[in-house]
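This report concerns only the one structure given below.
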Amino acid sequence: MDHYEKALVKSFKHDGHLHRMWLENWLVPSSKRHPDHAKEDMHVLINCQTPIQESDGKQWVSRIPAVTFFIPKQWFNVVALIEDTGVRYYCNIASPPYRCGQTFTYIDYDLDVIRMTDGQVQIVDQDEYEQNRYIYHYPELVERKVSAGLECLLNRIRHGTAPFHEESVCSYYEDWKRAVAATSGKDNQ
């Protein structure tokens with residue numbers, strides 16, 4: 001299978017209620033994954049101007065192309081945002097991804113890490129995590145997994161290990177754009 005398949009991404013909160021959905025994503029075929037990503041069996045998805053639906057039903061459209069990395073067994077996921085000034089990484093501390101068909105789901109555990117295009121790193125939404133750990137009664141096991149996921153993520157960022165490679169992010173996006181253009185050209189013939 002060497003073509004891009006449409007995929008849906010859903011994030012939930014700890015109590016099971018829907019948090020947010022990314023409605024139009026394209027799964028990178030296994031044969032097109034970078035060796036470092038294939039080695040970890042990462043799922044790589046691309047979106048550009050995708051509709052995003054919030055839990056209250058409101059929708060908006062993302063303006064920035066993104067390449068998302070879901071890594072099995074890891075308590076985080078990484079969204080590489082392709083901006084004019086470079087790639088900004090928005091990382092969610094979250095349960096490991098679950099895939100059912102063409103739908104990817106995870107539980108969002110509030111904490112986020114942002115690696116700016118200039119390399120600066122910020123941990124954000126710590127107050128939201130503290131609030132929600134009481135509201136949702138995060139078990140001790142979840143708190144340990146969240147802490148370990150945060151440390152593992154920060155370690156990858158510090159060492160520049162996969163998926164923190166701007167070249168592969170841009171390559172995925174450019175390959176996808178070429179594939180879309182080629183498909184559009186065939187549709188018009």
Would you mind getting me the FRET efficiency between TYR134 and THR161? Use the beta-carbon distance for r and R0 = 41 Å, nearest 0.05. 0.75
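Before I look further, what does the stretch 46-189 give for accessible area per residue, probe 1.4 Å, in whole square angstrom?
Here the per-residue accessible area is 54 Å².
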Can you send over the carbon and sulfur percentage of the accessible area for the chain, probe radius 1.4 Å, protein chains only? 50
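Assuming R0 = 35 Å, what is the FRET efficiency of ALA181 and ILE52, from their Cβ-Cβ distance, to the nearest 0.05?
Between ALA181 and ILE52 the formula returns 0.90.
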What FRET efficiency, computed as 1/(1 + (r/R0)^6) with R0 = 41 Å and r the Cβ-Cβ distance, is obtained for GLN59 and VAL121, rounded to the nearest 0.05? 0.85
Most mobile of ASN92, ASN47, ASN155 in a GNM of the chain (Cα contacts under 10 Å): ASN155
Kirkwood Rh over Cα pairs of the stretch 111-171 into Stokes-Einstein at 20 °C, 1.002 mPa s: D in µm²/s? 163
Extension gain LEU8-GLU174, at 0.36 nm per residue separation less the Cα-Cα distance, in nm? 57.7 nm
Ignoring everything except DSSP H segments at least 4 long, calculate the 222 nm mean residue ellipticity for the chain; use -39,500 (n - 2.57) per segment, divide by total residues, nearest 500. -10000 deg cm²/dmol
Just to be sure I follow the rule: in the chain, considering lysines 8 or more places apart or on different chains, how many pairs have Cα atoms under 16 Å apart? 8
Pick out which of PRO139, PRO96, PRO29 has the largest mean-square fluctuation in a Gaussian network model of the chain, springs linking Cα atoms closer than 10 Å. PRO139
Roughly how large, in nm² to one decimal, is the mean projection of the convex hull of the alpha-carbon atoms in the chain? 11.5
At 30 Å minimum axial length over the Cα atoms and a Kyte-Doolittle cut of -1.0, report the qualifying DSSP H helices in the chain, or say none. 166-187
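The values are calculated or read from the model by the stated rules, or taken from the named source; none is laboratory data. A quick note: this is a predicted structure, and the numbers were derived from the prediction, not measured. When we count neighbours, we look across all protein chains shown, and the Cβ atoms used for this are built from the backbone with ideal geometry, even at glycine. For the accessible areas, the whole protein counts, side chains as well, though only heavy atoms, and no ligand, DNA or RNA atoms are used. Shrake-Rupley method; radii C 1.70, N 1.55, O 1.52, S 1.80 Å.
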